[in-house]
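Below you'll find the structure, written out as structure tokens, and then a few comments.
What follows is calculated from the coordinates using simple rules that are stated; it is not laboratory data. Quick caveat, the model's predicted, so the values are computed rather than measured. Neighbour counts run over all protein chains shown; Cβ positions are idealised from the backbone, glycine included.
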Amino acid sequence: MTLTSTEPAAARSFRERLLGRGRDVAGADRAVLVLHDVTKTYPNGKTALRDVELVIPEGDFVFLVGPSGAGKSTLIKLLIRDEIATSGSVVLDGQDVARLPRRQVPKVRRKIGIVFQDFKLLPTKTVWENVAFALEVTGSPRRGIRPAVDRVLALVGLTAQRSQIPSQLSGGEQQRTAIARALVHDPRLIIADEPTGNLDPLISWEIIQLLLRINELGVTVLMATHNAEVVTALRKRVVALEEGRIIRDEVGGSYHRVD
Amino acid sequence: MISFVVFSLRRAWQGFWRNALMSLAATATMVLMLVLLAGFWIIQTGLLSALDFTESKVEVVANLKVDATPSQIADLGARIKAMPQVAGATLITREEALARFQQSMANQGREDLTKYLDSNPFPASYEIRLTDPGLASTVADALQPTNQPAVRNVLDTKETAKNVKTVTDIMRTAGTVILLVIGVIVLFIIVNTIRLAVFARSEEIEIMRLVGASDAFIRWPFVFEGAMVGLFGALITLGALYALANPIGGFMVDFFRVLPLSFGSLTRDLVLLVFGAGLGLGVIGSWLSVRTYLIK
């Protein structure tokens, strides 16, 4: 895979059909995410990121690896503007998130679907309601909610479990629900923060396969992980962080540095 | 806009019942606080009307000369009523003064000694009600015999008036301060209770933020939920007060038997106070509590 989008037109049109919306194809090969010279120092003086340069083109699949405390979580927080970079710029889909007025922040977050290690599902809502929740609380027209939720549940293969609540589901099914919720906004970028951290190896592979399929449909995926086996086996682009710096950024890389 | 309001109301209703325990705890706190507030307010109202009654008892009495002619008396009455400090004046004729004395003797079970008198010794007098008891000395000075030839003397109520004025002023201020202090305490307790209820839902708020819900979509369901807690609290409080109204009312009437208190507008004011405070506290409480979770 190169640094520009190689998404086949057929896949794109399939995705548009699947997600029920067209999108301007003209901007297809521009970058979804550009980090330029980003440094983040927390108020306690700890510098979590230093001089980070990162470009993620649309349609890319990127593994973000590195030991705990390397800055992966901070990087993700900057993308969703949970934190603001001390210096440098974070440009998502052409917008500098640090310079956004407060009111625009929710709109940028809708361009990102985020999946966590601990799923973050609402325990009292069913699978269907959990996914629909993301549309309801963002003021989507009620008419559009049902078809959109049905579509993403079909995509992640949970149509049969739609009426179950999270405690009745396996870990893999819960994570697939979270992925469906992340997808339902038709995001530009899926951020998966250790999505397989709580799952056994077989289920982990299922989740990875699902993310790959979503990526094939044209959604850019950024996945932070400790799962060396998966990273090494897939030979996708790997960005390695250590002590707040990007120490490696290679396509077809493995989890560990190969000298 | 309408769909937003419908959404918020629906979510508030669901939120209230899905976290029934927290909501009931908040409502119970709200009820206790409103009962406290309403109780002190009732006491304050009783106190104020008792003070008004006491103050209305402060009056200036001008005794008239026995030989004052009817036209002098009428003239004096007109002058008194024209004074800006005077709320009203009643002429007590000599015969009425005698009858009053006889009545009061009879009430005390003492012998009526007036039958041994060959003439009525009581002078006619004007009993003058004041707009403000603090003005007693002004009116008394203006009515001294040197200024008004028909007046024999003016009963010296200056000291009494001053004392009553001091005491009632202190009690009014103290009552208002106590009510305000209770109001602030109630606000803090309610805010903290609602904060706990919101904290129990912090996971939900976090998810809303992550999927890109705007501040309004996060805030208003909670504000409506706070309003629901306030409304339910107010309804329960008023229900409890209504149930207790008869026994307590009877006790109050017994207690204040001597005072002609008017409780006419009390019920209406109380309903307004309880609903207003419940709604206001619920809304302010949730507004402040949910603020912590909004976009930095």
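General remarks:
- Built from the Cα atoms of chain B, the convex hull projects on average onto 23.2 nm², one quarter of its surface area.
- The simple Förster model, with R0 at 45 Å and r as the Cβ-Cβ distance, assigns A:Val55 and B:Ile2 a FRET efficiency of 0.55.
- The fewest-to-most ranking of A:Met223, B:Met171 by surrounding Cβ atoms within 10 Å reads B:Met171, A:Met223.
- For the residues of A:102-109, the average number of beta carbons from a partner chain within 10 Å of their own beta carbon is 5.
- Straight-distance crosslink candidates among lysines, where the alpha carbon sits under 30 Å from A:Lys120 and sequence neighbours closer than 8 are dropped: A:Lys40, A:Lys46, A:Lys72, A:Lys77, A:Lys107, A:Lys111, A:Lys236, B:Lys296
- Remark: segment B:164-251 projects, on average over all directions, an area of 8.9 nm² (convex hull of Cα atoms).
- Computed about its Cα centre, the charge dipole of the protein assembly as shown is approximately 1200 debye, with only Lys, Arg, Asp and Glu carrying charge at their Cβ.
- Each DSSP beta bridge with both residues in segment A:142-259 is either parallel or antiparallel, and the antiparallel ones are about 50%.
- All lysines inside 25 Å of B:Lys57 as judged from Cα atoms, apart from same-chain residues fewer than 8 positions distant: B:Lys65, B:Lys81, B:Lys158, B:Lys162, B:Lys165
- Solution diffusion estimate, µm²/s, Stokes-Einstein, segment A:43-89, Kirkwood Rh from C-alpha pairs, 10 °C, viscosity 1.306 mPa s: 131
- One way to sum up the overall shape of segment A:117-241 is the equivalent ellipsoid from its Cα gyration tensor, whose semi-axes run 25, 17, 12 Å, largest first.
- The P(r) of segment A:168-218 has a tail past 18 Å containing 25 percent of all C-alpha pairs.
- Computed over chain A: relative contact order in percent, which uses C-alpha pairs under 8 Å that are six or more apart: 26
- Ordered from longest to shortest, the equivalent ellipsoid semi-axes for segment B:56-215 are 63, 20, 13 Å, each the square root of 5 times a Cα gyration tensor eigenvalue.
- Geometric descriptor of segment B:129-176, per residue, is 67 Å³ (volume of the convex hull of the Cα atoms).
- Calculated FRET efficiency for the pair B:Val271/B:Thr146, C-beta based, R₀ 41 Å, to 0.05: 0.15
- Rg and Dmax of segment A:60-172, based on Cα coordinates, read 16.7, 48 Å.
- Acute angle (nearest 10 degrees) that the helix B:215-255 long axis makes with the longest principal axis of chain B, alpha-carbon atoms: 30
- q = 0.06 Å⁻¹: log10 I(q)/I(0) that the Debye formula gives for the protein assembly as shown, counting C-alpha atoms only: -0.53
- log10 of Debye I(q)/I(0), alpha-carbon scatterers only, for chain A at 0.07, 0.15, 0.16 Å⁻¹: -0.23, -1.13, -1.29
- Helical mean residue ellipticity (222 nm; -39500 (n - 2.57) per DSSP H run of 4+; nearest 500) of chain A: -10000 deg cm²/dmol
- Theoretical ellipticity at 222 nm over chain B - DSSP helices of four or more residues, -39500 (n - 2.57) apiece, nearest 500: -24500 deg cm²/dmol
- In the protein assembly as shown, a dipole from Cβ-located charges (positive for Lys and Arg, negative for Asp and Glu) runs towards its positive end, and of A:Gln95, B:Gly175, A:Ala31 it is A:Ala31 whose Cα lies farthest in that direction.
- Distance from segment A:32-108 to segment A:131-179 (C-alpha centre basis), Å: 28
- Peptide A:118-130, shielding by other chains (average Cβ, 10 Å cutoff): 2
- Since only B:Tyr126, B:Met208, B:Leu187 are under comparison, the one whose Cα sits farthest along the positive direction of the charge dipole of chain B, derived from C-beta charges on Lys, Arg, Asp and Glu, is B:Met208.
- Exposure proxy order (Cβ contacts within 10 Å, fewest to most) of A:Trp205, B:Trp220: A:Trp205, B:Trp220
- Neighbour-count ranking [beta-carbon atoms within 10 angstrom, fewest first] of A:Thr159, B:Thr146, B:Thr168, A:Thr177: B:Thr146, A:Thr159, B:Thr168, A:Thr177
- Sorting the Cα pairs of segment B:147-204 by distance into bins of 5 Å, from 0 upward, gives 4, 14, 9, 10, 9, 8, 8, 7, 6, 5, 5, 4, 4, 3, 2, 2, 1, 0 percent per bin.
- Mean per-residue shielding of peptide B:211-224 is 5, counting Cβ atoms of other chains within 10 Å of each Cβ.
- Degrees separating the helix A:9-19 axis from the principal Cα axis of chain A, which is the longest one: 60
- Enclosing the Cα atoms of segment B:1-101 in their convex hull gives a volume equal to 215 cubic angstrom per residue.
- Cα-only Debye scattering, segment A:95-142: base-10 log of I(q)/I(0) at q = 0.13, 0.25 Å⁻¹: -0.41, -1.02
- Phi-derived couplings, Karplus 6.51 cos²θ - 1.76 cosθ + 1.60 at θ = phi - 60°, listed residue by residue for segment A:128-143: 4, 5, 4, 6, 5, 3, 4, 7, 4, 6, 9, x, 5, x, 4, 4 Hz, with x used for Gly and Pro.
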